[in-house]
Every structure is written in C-alpha cells, then in structure tokens.
Amino acid sequence: MAEPGAVERRAPGRGLSARRALGGVAWGLRAYGFIAAMWVRSTMAYRASFAMMLVANFTTTFLDFAAIMIMFSQVDALGGFALPEVAFLYGTSCVAFGLADLLLGEAERIGRRVRDGTMDILLTRPVPVLSQIAADRFALRRLGRITQGALVLGWSLTRLELEWTAGSVLLTVSMVLCGGLIFGCLFVLGGAFQFWAQDASEVQNAFTYGGTTLLQYPPTVFGKELVRGATFVVPLAFVNWLPALRVLGRDDPLGLPGWVDFAAPAVALLCCAGTALVWRAGLRSYRSTGS
Amino acid sequence: MHLLRLNLAVAASGFRRYATYRVATAAGVFTNTVFGFILAYTFIALWYERPQLGGYDQSQALTFVWIGQAMLATAALMGGGFQDEFHARVRNGDVAIDLYRPVDLQLWWFASDLGRAAFQLLGRGLVPLAVGAFAFELTLPSSPTVWLLFLCAVFLAVVVSFALRYLFALCGFWLLDATGLSALSTLLSVFFSGMLLPLTVFPGAFGEVVRRLPWAATLQVPADVLLGESGGGGLAGLGFQLAWAVVLLAAGRLLQAAATRKVVVQGG
Amino acid sequence: MTGDKKGWEAVQEDAGGSVRDTDGAFIDVRDLRKTFRVRRRSGLLRRTSSDVHAVDGISFTLRRGEMTGFIGPNGAGKSTTIKMLTGILSPSGGRLRVAGVDPARDRTRLVRRIGVVFGQRTTLWWDLPLRDSYGLVRRMYRIPRARYEENLARCVELLELGGLLDVPVRQLSLGQRMRGDITAALLHDPDVLYLDEPTIGLDVVSKARVREFLLRLNAERRTTVLLTTHDLSDIEHLCERVVVIDHGRLMYDGALAGLHEIGSGERTLVVDLERELPPIEGIEGARTVRTEGPRQWLTFPATASAAPLVSRIAADYPLVDLSLREPAIEDVIARMYAA
C-alpha cells in the first residue's frame with residue numbers, strides 16, 4: 001500500500017510535483033473504485049429493484065432509437081444517410097455517452113451538494129473531491145443505455161456493407177473511448193460550472209444529453225453554423241461525426257482536412273487538461289467563497 | 001367559496017415556489033431552446049424527404065417542435081412536478097397527516113401542480129417558443145380565438161398529465177420502490193405524448209392506438225389545436241382531453257379511496 | 001499506532017522551524033480574517049456588492065489535549081472559523097496552523113489528522129448501513145485493519161451502537177445518527193476533533209452519553225476538542241475554556257469561571273423575610289432589584305463577598321431563609337452580546 005504521505009515526504013524538487021500529481025491521480029482512481037464498489041454491493045442487495053431500474057434505463061434510452069425507426073418507416077434516408085448509417089452514429093454516440101454517464105454522471109449533483117452543505121463534508125476527507133462526487137451513488141443500471149447503444153451499433157455493423165480494415169476497427173473503438181472522455185469532460189465541466197451557479201445544473205443537459213442527441217443524426221441534417229459550433233466550440237464532432245464519416249466513407253460537410261478524422265484522441269486529451277483546470281478553479285472558488 | 005380560495009392559495013404558493021428559482025428557470029429555458037434547435041433540424045430533414053408527413057407541412061412540423069419545448073416543463077412531460085414530493089411523503093409516512101387535512105388530497109396536489117404549471121408556462125414556455133418563431137418560419141395562428149382554445153387545451157393537458165401522474169404516484173402506496181414507477185411514468189409520457197415525434201407520424205394500427213391513449217392529450221392535442229389540425233375547430237381535441245380528464249381523475253379518486261383505506265387499516 | 005506516528009513525525013520534519021510552535025500551540029490562529037463579497041439586487045438589473053467581514057481578525061491558540069467551547073450567536077463567524085480550521089475555506093488574511101499544517105494549502109494532509117462532526121448534517125452515507133459507511137471511512141483514511149477494528153469496537157461499546165451497525169443511516173434516530181457520526185470521525189485516531197452542534201436535537205439520555213464519551217476520549221487519548229454549541233450546558237459539562245466570538249471578533253477567551261465574572265459582574269442574593277416589608281435599603285454595595293411578597297432580590301458585585309451582606313441583613317431584618325445565585329451562563333452571554 002503506497003501511502004500518499006510517503007510520496008509527500010521525499011525531498012522536495014521538480015520531479016516530486018509530477019510524481020505527486022500522478023500519485024494523486026492513482027489514489028483518486030482507487031478511491032473512486034472502492035466507493036463505487038460499495039454502492040454496487042449495496043444496490044445488489046435489492047436485486048429485483050435493480051433489475052427493474054436496469055430495464056427502465058434500457059427502455060427509456062432506447063426510445064430515441066424507436067423514434068428514429070419510426071422516422072425510417074416513413075422515409076428511406078435522412079440527410080442522405082440510410083438507417084444502418086444513422087444506427088452507426090446512434091450506437092457510437094450512445095455508448096460513448098453511456099460510458100461517461102455511468103462513470104461521471106453524478107457530477108451533475110454538485111449544485112445540490114453546495115446548497116445542502118454536503119460539499120463541505122467531502123472536503124474534510126482525504127480523497128479527491130471529484131472521486132467522491134463521481135463515485136457517489138454509482139449505479140450499474142446506467143449499463144442499460146450502454147447495452148442498447150451497443151446492440152444498435154452491433155446491428156448497424158451487420159447491415160453496413162463496409163470493408164473493414166484494421167484502421168477502421170481502431171477508429172470505431174477509439175470513437176467510443178475518446179467520445180466517452182469528451183462527454184466525461186462535459187459532465188465535469190457542467191459540474192464545475194455549478195460551483196459558480198448552483199441552480200444551473202440544467203445548462204449542462206443541453207451539452208450532454210443535447211450532445212448525444214445531436215450526434216445520433218448525421219451532420220448533414222443540421223445547419224452549418226450548428227455543425228461548426230459542435231466542432232470548434234464544443235468539440236462534439238470528434239466524438240463520432242468526424243471519425244464515423246471516415247469509417248462510412250462520407251465527406252464531412254465542413255470540408256475539413258482529412259487528418260482531423262483521427263484527431264479525437266488528441267482532442268480528448270486537450271479536453272481533459274482544460275477540464276482539470278476549470279475543475280480546480282471551481283473548487284478554489286468554492287473554497288474562497290463558501291458557496 | 002372558502003374551498004376555492006384555499007385552493008387558489010395552494011396554487012399561488014406552487015407558482016411562487018418555482019418562481020424563486022430564477023437561475024434554474026433560465027437554465028431550463030436555455031436547454032429547452034437547444035433541444036428545440038436539434039429537433040427542428042431533424043424535422044426539417046424528415047419533412048424534406050416526405051413533405052406532408054403526418055398531415056403537417058414543414059412549417060407546421062417546426063411549430064410542433066417548439067410547442068413541445070414550451071409544453072415540456074408545463075405539462076411535466078419528462079417528469080418533474082408534484083410526484084417526487086408526494087413519494088417522499090408516502091415513504092416517510094407524512095401522507096397520513098395529509099389524509100386528515102380538511103381538504104381533499106387530490107384537489108390539494110392538483111392545485112399545487114397547477115400553480116407550478118402556470119409558472120412554467122410563463123417562465124419556461126414563452127421564451128423557447130419565441131426563439132423558435134424568430135429562428136424558423138412557424139405556423140402560428142393570428143386568430144385570438146384559436147389562441148384561447150389553445151390555452152384551454154394547455155390547461156386540460158396539465159389536468160390529464162396530473163391525473164396520470166397522480167395514478168402512478170398513488171401506486172407508491174403499494175410498491176415500496178417508487179423510483180421504478182416514476183421511470184415508467186416518464187417513459188410512457190415521453191413516447192406517447194408526441195415529445196419525440198408527432199403521433200400522427202406513427203404508422204399503421206400502432207399509430208391509431210397511440211393517438212387514442214391519454215398521453216396524446218398532453219401534447220399532441222394542444223399542438224393540433226394551435227395548428228388548426230384538430231377537428232371541429234379544435235373542439236374535438238378539447239372533448240378528447242376532457243373525456244380522459246374525467247375518466248382519469250375519477251380513477252384517481254377510486255385509487256385514492258383504496259389507498260386511504262390501506263393507510264387507515266395498516267397505519268401507513 | 002504506527003501509521004499515525006509516522007504521519008506525525010513527517011509533519012514535524014516538514015514543518016521545520018515551526019516544530020516548537022506546534023508543541024506550544026497545537027492550533028494557532030493569528031489575526032484570522034475572512035471577507036465575503038456579497039452581491040445584492042438593488043433594482044431590476046442593477047447589482048451592488050459589499051464586503052462582509054465574517055471573521056474579522058481573530059487570534060487564539062489551543063494546546064494539545066485542550067477541550068474548548070467555541071460560542072457566539074448565529075452569524076457570529078463560528079462556522080466560518082471552523083471551516084477555515086478544517087481547510088474547507090481558505091482565509092482572506094492572517095495565519096493559521098493546525099498541528100503545524102496550513103489547512104488552506106495542505107488540506108489533504110491535514111484532514112487525516114482531524115475529525116469533523118456536523119450536528120446538522122451527517123457525514124455518513126444516507127443510504128448505506130453504518131457498517132458500510134465505516135468500511136468506506138477505513139479505506140479513505142487507509143486505517144490499518146487491526147487499528148480500525150479496535151477503534152470501532154471501542155466506539156460501538158461506549159456509544160452503544162451494537163444493534164445499529166446494519167441499519168441504513170436514514171433509518172437512525174437523531175441521537176443514534178449523532179453517535180454514528182462521532183464514531184466515523186474517530187476511526188482514524190484524529191488529533192483534533194471539531195464538533196459543530198453535536199447535541200442539537202438530542203434527548204437527555206443521548207446527550208449525557210455523548211458528553212460522557214467525549215470526556216473519556218479527551219482524558220484517554222488527549223484528543224484536542226473544539227466544540228461549538230448553542231447548548232451552554234454542553235460547555236459547562238465539557239469545557240474548561242471558552243472562546244466567545246461575535247461579529248467576527250473575539251469577545252472573550254479564558255476559563256469558564258472567568259466568563260461569569262467578566263460578563264455579569266453581579267451576583268444575586270434572594271432573601272425570604274418573615275413578612276412583606278418595603279425594599280431593603282441602606283446596605284452598602286447592594287441594591288434591591290425586585291420584591292415579591294416577603295421575598296426580595298438583591299444584586300451585588302461578583303467580586304464582593306456575600307458574608308458581610310448577609311450578616312447586615314440578618315441584623316436589621318427578620319430573615320427566614322436565603323439563597324445565592326450565580327449568574328446563569330446564558331445571561332452572561334446574552335449581556336455580552338447586548339453590550
């Protein structure tokens with residue numbers, strides 16, 4: 001067991017702060033793990049209730065695709081994309097979002113925590129505040145969204161007549177993972193924003209839930225301005241639009257250079273760095289204003 | 001007279017309670033507007049492929065989107081409303097106190113929910129509709145009569161929505177875990193109200209059934225009244241809503257009586 | 001406990017020059033300040049902002065093992081001070097050291113050595129049974145298993161939590177929950193325990209049990225305790241020293257007994273005479289403040305002795321009975337705030 005105290009005690013120096021930061025991240029992840037595990041154990045005590053919530057989550061999140069299927073019962077294409085292609089977008093968007101929602105969805109409760117004073121309690125514990133918040137009430141029922149997204153994605157792969165190369169497989173996997181990171185950043189940013197505006201938790205829904213809905217449809221459906229905003233302002237396009245268009249062999253409506261289709265990992269990392277800064281600023285602001 | 005004043009006071013307090021959260025209201029307006037835009041573009045693409053889909057032209061379809069965003073909070077189409085508080089009171093047993101109040105339980109909650117709806121129509125409904133009308137070409141009626149009928153339809157939509165949520169909330173007396181019930185209630189409401197897609201677009205026999213369910217009264221019908229697509233100058237729609245309101249409120253009363261018996265017999 | 005000891009030595013090494021300082025003053029507060037900027041709507045769109053000095057230059061020191069009451073009316077700056085001491089809030093000015101650690105800069109290191117109990121809200125997980133909550137605390141603070149079991153067993157025994165470990169926190173009564181919270185705050189052997197209104201809303205039995213436990217903890221472990229409360233009988237039972245603040249300033253810091261003298265300056269002599277008589281007069285240093293039938297109330301300076309007073313009255317009046325009243329601590333404090 002590596003005591004964080006042990007890390008801190010070594011001679012001060014430049015190498016220390018990097019190692020300390022890494023140690024902090026590792027400890028934060030581990031703490032996240034054991035808090036989440038506790039919640040899983042505790043919810044599993046009520047299996048019937050858990051099963052019901054899992055089904056409810058699955059079904060509720062599947063309704064979006066049901067609506068898309070109804071649309072395609074009336075038309076053959078939407079924005080020039082056929083059902084399997086839209087299903088591919090839907091599946092990648094849903095799984096990426098579902099991962100972020102599962103792991104970091106609780107961050108949207110920060111405003112409430114500030115209001116009811118429980119934020120103070122988190123600050124009196126030797127575990128990073130973000131780990132405590134994100135792992136709180138960790139709910140496996142959120143696997144419902146991921147499952148239905150994965151099923152739709154799987155179905156689309158059987159219908160898309162694509163020549164799979166190692167590259168496109170890699171691109172698809174990275175879509176889900178990097179997309180999850182980008183959505184995760186949005187959750188944390190939205191949470192951090194609530195340090196300044198406690199009642200504004202719904203603003204982040206526009207970017208998180210709104211974002212995943214946006215990405216379920218082809219970019220050709222939307223106005224150029226909206227697509228530009230979703231590329232350069234909130235980098236949602238990197239979740240699936242840009243890489244997916246490459247996999248599907250389509251041109252992107254903004255006509256960006258080809259390499260951006262592969263930029264998702266870099267964008268995701270940049271998002272993480274920016275989010276970390278905003279999160280720290282939010283926490284600092286809370287610690288100086290107390291509200 | 002006394003009863004009316006009391007219920008008006010309850011409604012007013014419901015209104016004020018939501019009115020105090022200015023930032024939350026602004027945040028909600030923002031999110032409704034963003035969703036409105038996303039949905040509007042998908043509808044444009046859909047109606048581009050199939051003009052006159054579901055009996056609407058594109059402009060009517062867009063109007064439907066923005067009415068939906070305006071009604072979302074008002075008729076509590078995606079949850080939110082009195083039921084969370086109600087469940088909490090069932091869980092901690094406070095509901096027994098409510099049953100002994102001199103006012104009727106159903107009427108009390110209805111008054112408070114109506115106050116909430118009134119605030120959310122003004123606070124969260126008007127702005128998204130205005131933004132939608134500014135950004136897209138909507139089909140909004142010029143006749144004040146139609147607007148008046150629409151207001152009646154919105155009122156009845158809130159009544160039906162309340163009556164449905166009240167039925168689900170009452171089930172909490174028998175089922176310990178109310179979260180599942182809430183989830184089910186929301187799920188049905190989102191899909192069958194027309195929130196995702198106008199019910200007129202739903203195909204075949206499925207569409208026929210869906211358009212007759214009570215959830216249709218919470219969004220589809222008010223939208224049709226405003227769009228002039230409801231028969232009899234809108235009166236058919238209002239009649240449909242009224243019928244469901246009566247049936248569901250009566251069912252609520254029956255279930256409430258049974259719940260009261262259960263509380264009295266078992267002490268909660 | 002080895003882990004804890006390591007931490008303690010480490011702090012001393014790190015603190016370097018301030019080791020002596022931590023020996024003398026375990027908690028060292030110098031000219032501590034916290035200013036909040038408050039914005040108010042002063043019209044439809046206009047907003048004005050003003051500075052509120054919640055804590056306005058407070059200084060005090062606590063020695064290791066001291067048990068101190070921290071009192072003041074609502075809005076006096078108590079909670080703000082506690083929040084700065086626990087590292088939740090960062091000060092706007094002044095110097096603050098708890099066990100040699102600067103709470104604002106080294107919050108995570110500090111919190112391993114302190115325990116916090118908020119009376120108004122639980123630090124436990126609402127939906128989890130106590131046992132699971134404690135399990136989480138163990139992992140968060142990395143408490144060695146044996147040490148954890150020992151501490152838990154001790155708290156369970158002394159606070160009578162035996163039958164409650166498998167009950168979810170939301171089902172506990174207020175008194176049970178408070179005992180559960182105190183246990184959670186002590187599992188990692190903190191050097192300092194902050195208690196914010198620990199007896200609020202508790203019944204008499206729970207109150208007594210909590211007080212008894214705290215006395216024992218302080219005696220056996222030399223845990224430094226800082227207690228804020230509205231219930232002054234808590235202070236009377238537990239603390240030898242009180243720190244009183246109001247409007248963000250220190251009003252009094254010293255022994256509880258001294259608070260009586262400073263605050264009131266007067267004691268009351270209640271005399272029962274044989275029959276109803278006009279108010280007693282002409283006795284130097286005392287004055288009659290109230291009469292009710294044969295009973296009369298006289299006040300005199302707290303510093304003066306009551307004996308000569310009693311003999312003068314007994315000589316001149318038909319005295320039947322008498323009693324002496326110390327000023328109630330509530331009166332004292334109420335008078336301080338009024339001043």
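Since every read-out is calculated from the coordinates, none of them should be taken as a lab result. Here the structure is a predicted model, which is why all the values come from computation and not from measurement. Because the Cβ atoms are built from the backbone with ideal geometry, glycine has one as well, and the counts that use them run over all protein chains shown.
Take the Cα pairs of segment B:97-235, get the Kirkwood Rh, then feed it into Stokes-Einstein at 10 °C and 1.306 mPa s and tell me D in µm²/s.
Translational diffusion coefficient: 94 µm²/s.
Give me the extension gain from B:Leu3 to B:Leu122: residue separation times 0.36 nm, minus the current Cα-Cα distance, reported in nm with one decimal.
Full-extension gain reported as 40.3 nm.
Please arrange C:Asp231, B:Asp224 by how many other C-beta atoms lie within 10 Å of their C-beta, fewest to most.
C:Asp231, B:Asp224
Specify, per residue and in Å³, the volume enclosed by the convex hull of the alpha carbon atoms belonging to chain C.
Looking at chain C, the number lands at 206 Å³ per residue.
Report, by chain and number, residues whose modeled amide H sits under 5 Å from the one on C:Val243, excluding near sequence neighbours (fewer than 5 apart, same chain).
Placed amide hydrogens put C:Gly69, C:Phe70, C:Ile71 under 5 Å from C:Val243.
What residues have an amide H closer than 5 Å to that of C:Leu193, excluding those fewer than 5 places away on the same chain, when H is modeled at 1.01 Å from N in the peptide plane?
Hits under the 5 Å cutoff: C:Gly115, C:Thr224, C:Val225, C:Leu226.
Let me know the charge dipole size of segment C:114-269 about its Cα centre in debye, to the nearest 20, where only the beta-carbon of Lys, Arg (+1) and Asp, Glu (-1) is charged.
The dipole magnitude comes to about 560 debye.
Can you tell me, using C-alpha contacts under 8 Å and at least 6 residues apart, the relative contact order of chain B as a whole percent?
Dividing the mean separation by the residue count of chain B yields 25 percent.
By its C-alpha gyration tensor, with a ≥ b ≥ c as the square roots of the eigenvalues, how is chain A shaped: rounded for a/c under 1.5, else prolate for a/b larger than b/c, else oblate?
prolate
How much of the calculated P(r) for segment C:146-257 lies past 22 Å, in percent of all Cα pairs?
35
If you put +1 on each Lys and Arg Cβ and -1 on each Asp and Glu Cβ, how big is the dipole of segment B:2-262 around its Cα centre, in Debye rounded to 20?
Once rounded to the nearest 20, the dipole reads 740 debye.
Counting only DSSP beta bridges with both residues in the protein assembly as shown, what percent are antiparallel, rounded to the nearest 5?
70
Charges on Cβ only, +1 for Lys and Arg, -1 for Asp and Glu, centred on the Cα centroid of segment B:2-262; of B:Ala257, B:Leu72, B:Thr186, which one is farthest towards the dipole's positive end?
B:Ala257
Specify the angular offset, from 0 to 90 degrees and rounded to the nearest 10, of the alpha carbon long axis of helix B:58-74 from the longest principal axis of the alpha carbons in chain B.
20
Which whole number in µm²/s is D for the protein assembly as shown by Stokes-Einstein, with the Kirkwood Rh taken over Cα pairs at 4 °C and 1.567 mPa s?
41
Compute a Gaussian network model of chain B, connecting alpha carbons closer than 10 Å, and tell me which residue from B:Leu149, B:Leu105, B:Leu199 fluctuates the most.
B:Leu105
Taking the Cα atoms only, what angle lies between the long axis of helix A:83-104 and the longest principal axis of chain A, rounded to 10 degrees?
With rounding to tens, the tilt is 10 degrees.
If you build the Cα gyration tensor of segment A:209-274 and take the root of 5 times each eigenvalue, what three semi-axes come out, in whole angstrom, biggest first?
Sorted largest first and rounded, they come to 17, 15, 11 Å.
What is the ratio of the Cα radius of gyration of segment B:2-262 to 2.2 N^0.38 Å, with N the residue count, to two decimals?
1.01
So for A:Leu236, C:Leu232, fewest C-beta neighbours within 10 Å to most, what's the order?
Neighbour counts put them in this order, fewest first: C:Leu232, A:Leu236.
Counting other beta carbons within 10 Å of each residue's own, what order do A:Val233, A:Val40, A:Val188 fall into, fewest first?
So the ranking, lowest neighbour count to highest, is A:Val233, A:Val40, A:Val188.
List the relative contact order of segment A:173-291 as a percent without decimals, with contacts defined as Cα pairs under 8 Å and 6+ residues apart.
For segment A:173-291, the relative contact order is 42 percent.
Under the Karplus relation 6.51 cos²θ - 1.76 cosθ + 1.60, θ = phi - 60°, what is the ordered set of whole-Hz ³J(HN,Hα) values for segment B:26-39, x standing for Gly and Pro?
4, 4, x, 4, 4, 5, 4, 5, 4, 4, x, 5, 4, 5
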